[in-house]
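Colleague: Below are the structure tokens for one structure; questions will follow.
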Amino acid sequence: MRVLAAMSGGVDSAVAAARAVDAGHDVTGVHLALSRNPASYRTGARGCCTIEDSNDARRAADVLGIPFYVWDLSDRFHADVVEDFMDEYAAGRTPNPCLRCNEKIKFAAVLDRALALGFDAVATGHYAQLRTGEDGLIEMHRALDPGKDQSYVLGVLTQEQLEHALFPLGDTTKPDVRREAAERGLLVADKPDSHDICFVADGDNAGWLKEKLGDRAPNTGGPIVDEETGEVLGEHEGTVAFTIGQRKGLRIGRPAPDGRPRFVLDIEPVSGTVTVGPRDRLTVHRLRGSRPRWCGTVPSRLEGTVQLRAHGGEHRAVVEVHDDQVSIELLDPAQGIAPGQAAVIYQGTRVVGSATIDATERAAR
């Protein structure tokens, strides 16, 4: 098979490319240039969009003896990922840009181009496993290493995309990947993992959003209101600095009436109102989602589990699907779930699909 190996400059994608070579595939490495100005993106080893990451990927390709190219997808990345991130926060929602990047860039723009160039598959360093089911469809399952499992951020992939995907690391633990990289002479063997959002240079999401949104920001301030009493407990400088479940940075000028800590329960970007309440008011029992993406056959109703955060646990759930609307009853309630997040649906270890959360329902008082 002709395989395009997406090489971020990290240890995972380098070993994935190496394993594709070992499997006998005709492999070409490609690094995705996602920043219009790479020097403005995160430096060091915390991101995946820097000039040094590109150089690390090139050196790894040289060690493996494979052709290597850099594809400039910065305009597409900005339009589909960065602008989406800003728009969602401006609307009072909490998006996952890594999930959107997988959907729009790595397994849409890249895969489409790869297929047009005659490649058969795209290999990445994601930790997930692919298997062929009894019905002949390609199933995506959780990785062997639960601490590195990335099936959540891949829950947007369709059957057609899975048919042209390779995840060579799904059956391996991270320590074993690093050990293998060292044995192969790859200089990235000890490179730290990337963290946080690659296009927020200093990790300060709120500050970055205020600067980039400018006049597009929905507001520049408003009241922080207690849900239970309606009292104004403080003022803020813009709703883009908040997400559901947040406690730090509320700047509440005086203690809440009952003395209990307050958490963000709701964000209203038009009026600029941030509603806060005690922790127990964060508990969510039902979710409503839209824009579903199914990895295989579209279900009508299933009992399984959902994962609501990239690094969160599973919740037992009953899922019902009506056209493009997904209703989820959480048998294990969750806390601090925000519109804009993804609900990824599982049956056992298999990923069924995902939906973007539009609304949550909290327990009655």
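The values are calculated or read from the model by the stated rules, or taken from the named source; none is laboratory data. Here the structure is a predicted model, which means the values were calculated and not measured. All Cβ positions, even for glycine, are placed from backbone atoms using ideal geometry, and neighbour counts span all protein chains on display.
Colleague: Identify the single condition in (1) surrounded by 17 or more Cβ atoms within 10 Å (Cβ to Cβ); (2) modelled with pLDDT of 90 or more that D190 does not satisfy, given that it satisfies every other one.
Modeller: (1)
Colleague: Looking at segment 351-365, which of its residues are assigned to a strand (DSSP E or B) and not small (G, A, S)?
Modeller: Correct list: V351, V352, T356, I357, D358, T360, E361, R362.
Colleague: Which one of these is farther than 24 Å from R93 by Cβ, modelled with pLDDT of 90 or more, within 21 Å of the chain's Cα centre (by Cα) and not aromatic (F, W, Y): G170, G230?
Modeller: G170
Colleague: Going residue by residue through segment 157-168, is there one that turns out to be among the β-branched types (V, I, T) and buried (at least 16 other Cβ atoms within 10 Å of the Cβ)?
Modeller: Taking every residue of segment 157-168 in turn, none turns out to be among the β-branched types (V, I, T) and buried (at least 16 other Cβ atoms within 10 Å of the Cβ).
Colleague: Next up: Search segment 335-348 for residues that are closer than 14 Å to F242 by Cβ and pair each with any residue that is of a type in the set (S, T, N, Q) when their beta-carbon atoms are under 6 Å apart and the residues are at least 6 apart or on different chains.
Modeller: That search, which allows pairs on different chains as well, returns A338/T94; A338/T243; G340/T94.
Colleague: So is I252 out of contact with any Asp or Glu (no Cβ under 8 Å at 6 or more places or on another chain), free of Cβ contacts under 8 Å to residues at least 60 places away in the same chain and of a type in the set (A, V, I, L, M, F, W, C) or not?
Modeller: Spelling it out, I252 is indeed out of contact with any Asp or Glu (no Cβ under 8 Å at 6 or more places or on another chain), free of Cβ contacts under 8 Å to residues at least 60 places away in the same chain and of a type in the set (A, V, I, L, M, F, W, C).
Colleague: From the residues in segment 295-350 that are part of a loop (DSSP other than H, G, I, E, B) and hydrophobic (A, V, I, L, M, F, W, C), which one is modelled with the lowest pLDDT?
Modeller: Once the filter is applied, the top-ranked residue is A310.
Colleague: Moving on to the next point. Just the residues that are part of a helix (DSSP H, G or I) and of a type in the set (K, R), please, taken from segment 175-213.
Modeller: The answer is R178, R179, K210, K212.
Colleague: Taking the conditions exactly as written (over 19 Å from S151 (Cβ atoms) and at pLDDT 95 or above), does S354 satisfy them or not?
Modeller: no
Colleague: Please go through segment 269-294 and give me each residue that is without any contact (Cβ under 8 Å) to a residue 60 or more places away in the chain, surrounded by 14 or more Cβ atoms within 10 Å (Cβ to Cβ) and not in a strand (DSSP E or B), ordered by number.
Modeller: G272, P278, R279
Colleague: Another one. Could you tell me whether D266 is among the acidic types (D, E), outside any loop (DSSP other than H, G, I, E, B), under 23 Å from the mean Cα position of the chain (by Cα) and farther than 26 Å from R142 by Cβ?
Modeller: Taking the combined requirement at face value, the residue satisfies it.
Colleague: Considering only segment 293-314, I want to know if a residue exists there that is basic (K, R), outside the structural domain of Q129 (by TED's automatic domain parsing) and over 23 Å from A143 (Cβ atoms).
Modeller: yes
Colleague: Right, next: Any idea which residue in segment 61-99 is farthest from E160 (Cα to Cα), counting only those that are part of a helix (DSSP H, G or I) and without any contact (Cβ under 8 Å) to a residue 40 or more places away in the chain?
Modeller: D62
Colleague: Report yes if Q129 is at pLDDT 95 or above, touching a Phe, Trp or Tyr at 6+ places or on another chain (Cβ under 7 Å), assigned by TED's automatic domain parsing to the domain that holds A20 and within 26 Å of A201 (Cβ to Cβ), otherwise no.
Modeller: The answer is no for Q129.
Colleague: Considering only residues of segment 241-263 that are part of a loop (DSSP other than H, G, I, E, B), within 22 Å of the chain's Cα centre (by Cα) and of a type in the set (A, V, I, L, M, F, W, C), which is farthest from F85 (Cα to Cα)?
Modeller: Restricting to residues being part of a loop (DSSP other than H, G, I, E, B), within 22 Å of the chain's Cα centre (by Cα) and of a type in the set (A, V, I, L, M, F, W, C), the top hit is I244.
Colleague: Let me ask something else about it. Being out of contact with any Asp or Glu (no Cβ under 8 Å at 6 or more places or on another chain) and at positive phi is the filter here; which residues of segment 217-233 pass it?
Modeller: G230
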